[in-house]
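To start, the structure under review is shown below, and the notes come after it.
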Amino acid sequence: MPETTAPDSTVAALREIVGPKGILTGDDMAGYLTDWRGRSTGTAQCVVMPASTDEVSKVVSYCSRQGLPLYVQGGNTSLCGGSVPGKAGGDILLSTRRLNAVRDVDPIGNLAIVETGLVLANLHEIAEKHDRIFPMHLGSEGTAQIGGLISTNSGGVSAVRYGPMRDLVVGLEVVLPDGSVISRLSGLKKDNRGFDWKHLFIGGEGTLGIVTAAALQLHTKMTARADALVSVPSPAQATEVFRGVRDRFDTRLMACELVSGNEVSLTLEHVPGLRFPMAEVPEWMVLIELGDTENEEVLRDTLQDCLAAMFEDGTITDAVVCQNLRESEELWKWRHSFSETNKKAGHGIVFDASLRVKSVPEFIERAIPAALDLAPWAVPLIVCHLGDGNAHLIVMTLNEDRPKITDLDDLTHRMFERVHDIIAELDGSFSAEHGIGRKLVDEMVLRQPAAEIALMRAIKAAVDPKGIMSPGILLGKNA
């Protein structure tokens, strides 16, 4: 087994490329070797932190010549264990944290060209200065980096309006596994020079190369917004709320989220300072955000009228429409606190299902009892990006019930089998926005058609013939 610390020659060679501030060894690597939920831990010879595309190219070239496995890490917010190295000890971990420059912002073309170590929240601030928005929002935006969002094709709450990361990437700069650099960052709307290769790297999870910069689509800033919390009798009524609001407001619908009451109650318990706008937490609720460039009062009043009609016909049982920005921010603050809550509350077996919106209620109705049959002590939590059909079922074992799990790996495997079978029967996908990482490699190989797996492995072999890029991620060790 390789040593868990870097041989002097490797450290010296990499330090020569990135300088003394660009390399970590020994105990200084600890924060990079475990994912943020503490579930996946690896080892590495060293952590290397290039500060430019040229330095990335030289690091990758060195690793290619030496045959060193190379993993890439952004903000280390992965939910599938894809951002940490393996356990063998001979790997190199490349962190993009120093690749954080803003190369260009073009308000006329609604374009930002940034390096991929830039934190998402910082991009929001930059867009704001130019009276624009970058319309991706998620709970980890204070630490998640652009490169990680690209590599996992992240979604977020606004995908119903703007799509996932794939729809926001106009061009990429990538360092290939041999160290060569390919780049299309011009931001052209029309460009038919052969294959649109950027899509190989969006969702590629670092297995084909390292994204070092991206041309990203900005959008017009919304000058008016209206937000509401709606109580519904069941997930079936929630889909009717979505349809009604979408049909009334069309592209002004920015977000539509279905949440189970037990997730909200758990969040109010574990995250101090949150305020819930209703007297009691309902069993099911829908969060709605609208955005427009017209009059905010008119938008809010129209939403209120729309919801009043739903109340009259029994589709909803209660609703609170936010009257100002403070109330809107409070509403979404507890929504974005769910991941923090679940990390504190216990161990969740998390499902990331992508379904047709009409199938979401059936998924919830079937998946919850299937999971509880295996773990009757668990608390089933639902957080669903209803507008795009991305349903998260979190089968939560609270901290006080952890002793009831006798074999976590076995329980997880059996629960995956049952719930993913249901997803397949509904013609859905077991991975919507979290990626595959290490967590779902077996499911990927088992459930995807053999021809698809063969095609992806052929692409991997062609682009990375030495197999040095993130081995064991996405397609397994034999990719």
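Our note on the geometry: Cα centres of the stretch 420-479 and the stretch 327-376, 24 Å apart.
Do any of Lys198/Lys221; Lys129/Lys198; Lys221/Lys460; Lys58/Lys333 go past 31 Å between their Cα atoms, and which? Cα-Cα > 31 Å for Lys221/Lys460; Lys58/Lys333; rest within. A simple count of charges around Ser78, restricted to other residues whose Cβ falls under 14 Å of its Cβ and scoring Lys, Arg +1 and Asp, Glu -1, yields +1. For a straight C-alpha distance cut-off of 18 angstrom, the aspartates and glutamates reachable from Lys439 (same-chain residues fewer than eight places away being disregarded) are Asp35, Glu205, Asp352, Asp407, Asp409, Asp410, Glu417, Asp421.
Within 13 Å, Cβ to Cβ, of Gln66, how many net charges do the neighbouring residues add up to if Lys/Arg are +1 and Asp/Glu are -1? Walk me through the numbers on the way to the answer.
On the way: positive: Lys58, Arg65, Lys466; negative: Asp91, Asp178.
Charge balance in the 13 Å sphere: +1.
Note on Lys466 and Ser186: the model spin-label points, each 7 Å out from Cα along the C-beta direction, lie 3.2 nm apart.
Relative to the dominant Cα principal axis of the chain, helix 235-249 is inclined by about 90°. So what is the diffusion coefficient of the stretch 284-407 in µm² per second by Stokes-Einstein at 10 °C and 1.306 mPa s, using a Kirkwood Rh over Cα pairs? Diffusion coefficient, whole number: 93 µm²/s.
Under a model in which nothing but the beta-carbon of Lys, Arg (+1) and Asp, Glu (-1) is charged, the chain shows a dipole of about 1520 debye around its Cα centre.
From the Kirkwood radius over Cα pairs of the chain, Stokes-Einstein at 25 °C and 0.890 mPa s returns a whole-number translational diffusion coefficient of 105 µm²/s.
Against the chain, whose longest principal axis is taken from its Cα atoms, helix 53-66 shows a tilt of about 60°.
Distance from the alpha carbon centroid of the stretch 92-149 to that of the stretch 178-200 works out to 19 angstrom.
I'd like the orientation of helix 296-312 relative to the chain: the angle between its Cα long axis and the longest Cα principal axis, in ° from 0 to 90, rounded to 10. Helix 296-312 sits roughly 60 degrees off the main axis of the chain.
The alpha-carbon of Lys466 sits under 16 angstrom from the alpha-carbons of these aspartates and glutamates, leaving out residues fewer than 8 places away in its chain: Asp91, Asp178.
Since every read-out is calculated from the coordinates, none of them should be taken as a lab result. Remember, predicted model here, so these are calculated numbers, not experimental data. Cβ sites come from the backbone with ideal geometry, for glycine too, and all protein chains shown count toward neighbours.
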